[in-house]
Amino acid sequence: MAAVPLDSRRRAALQAMGITPWVMRERAQAQTQPVAIEQAATLVRGAQPSGRCVVLLPAGADARALDLLGRALTACGAEIARAGRIRVADGQLSDAVPHAPVYLVFGQAQAHALGRELPAAVMSDAHIALVDEPGPLLFGAEGKRRLWAALRQARRALGRAGG
């Protein structure tokens, strides 16, 4: 399957949003070492989030909205696309929140849960981007603009944090 070149209008729109499109040049080689059974089981169950970016989402989010959000995160590069995701239900986090330089928080309830969980020193050093909940992102242009602005800020913060 050959990579489809980007048309000039799409390239200009992505450049205006601060996104550099990635194009696959050749197929990646298959992984030579098989994944250990324990490691595969951990991946299926959902390992504890770690890394330099953490995404906090409401537990009852719509599947269509999460799909849209997943595509937006993927468009911003590997580090944000692979960010650990933590669900928040009734103000309770599904996992422990690791210390990270960047947090993408979708909704006020998730922001309050993060504020209760993290120490003040960690919160003052981290970049916390508050975005609308995933549901309204499907319908409103303003929410999508705020999402792209927050993702652009998160990419810049990750760049400043050394990575």
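The values are calculated or read from the model by the stated rules, or taken from the named source; none is laboratory data. In this text, all values refer to a predicted model and were calculated from it rather than measured experimentally. Glycine also receives a Cβ, built like all others from the backbone with ideal geometry; neighbour counts cover every protein chain displayed. Side chains are part of the model used for accessible areas, which takes the heavy atoms of the whole protein and leaves out ligands, DNA and RNA. Shrake-Rupley method; radii C 1.70, N 1.55, O 1.52, S 1.80 Å.
For the range 111-125, putting each phi into the Karplus relation 6.51 cos²θ - 1.76 cosθ + 1.60 with θ = phi - 60° gives couplings of 5, 5, 5, 5, x, 6, 8, 8, x, 4, 5, 5, 5, 6, 7 Hz, in residue order, rounded to whole numbers and with x for Gly and Pro.
Counting Lys and Arg as +1 and Asp and Glu as -1, what is the net charge of the other residues whose Cβ lies under 12 Å from the Cβ of V88? Don't jump to the answer; show the numbers that get you there.
Details: positive: R85, R87, R116; negative: D90, D95, E117, E133.
After counting each charged neighbour, the total is -1.
Local charge for D132 was computed over the other residues whose Cβ lies under 14 Å away, with Lys and Arg +1 and Asp and Glu -1, and equals 0.
Compare the peptides 96-104, 57-65 by average per-residue count of other Cβ atoms within 10 angstrom and give them in order, highest first. Walk me through the numbers on the way to the answer.
Numbers: 96-104: 19.4, 57-65: 15.1.
Ranked by mean Cβ neighbours within 10 Å, highest first: 96-104, 57-65.
Close amide H pairs (under 5 Å, H built 1.01 Å from N) link H127 with V102, Y103, residues at least 5 positions away or on another chain.
Neighbours of A149, meaning other residues whose beta-carbon lies under 13 angstrom from its beta-carbon, give a summed charge of +4 when Lys and Arg score +1 and Asp and Glu score -1. Using the 1.4 Å probe convention, the accessible area of the range 58-163 works out to 52 Å² per residue with neighbouring protein chains retained.
By the Kirkwood approach, averaging reciprocal distances over each pair of separate Cα atoms, the range 85-163 gets a hydrodynamic radius of 13.3 Å.
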